[in-house]
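Chemist: One structure, as structure tokens, below. Some questions next.
All of the numbers you see were taken from the coordinates with simple rules; none came from a lab. Source: prediction; values computed, not measured. With ideal geometry, Cβ positions are generated from the backbone for all residues, glycine too; neighbour counts draw on all protein chains shown.
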Amino acid sequence: MFKVFNQNPRETIQINQGNLPSEIRENLYNSISTGMSYDEVRSILGWDGILIYENNIDSADKPIHEKIYQWNNEDVYLTDYESQRTDVMNLYWSVTLTFQNDILINKASFNLKP
């Protein structure tokens, strides 16, 4: 069984920006390694990812609970004009991480700046 998480377009999500970075850069992404827990990854990145997939897998050894999270440019809402200039901001980037039983087993990224 797996769950697909639909977004409700009527639901308003407010993110408290605080000191969040405007994007994840390659060096931060490279500091994440397989074997880390979700909490360890979250403490490195600075905010929770969006759960995009969840599945329970029957295994001969033990049940596997798989979750896939994504972090991307839409997670952070920038409020100052300087940060929103297209020559400054990376218009689209993403990091996708797969966890099984809360342990990172796979990572992928797209369009991260150095």
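Chemist: Residue by residue through region 96-103, which ³J(HN,Hα) values in whole Hz follow from phi under the Karplus form 6.51 cos²θ - 1.76 cosθ + 1.60 (θ = phi - 60°), with glycine and proline marked x?
Modeler: 10, 10, 10, 10, 10, 6, 6, 10
Chemist: Taking H as built 1.01 Å from N, whose amide H comes closer than 5 Å to the amide H of Ile24, not counting residues under 5 places away?
Modeler: Residues meeting the criterion, in which the H sits 1.01 Å from N, do not exist here.
Chemist: How far is it, in nm, from the label point at Tyr38 to the one at Asp58 when both lie 7 Å from their Cα along the line to the Cβ?
Modeler: 2.4 nm
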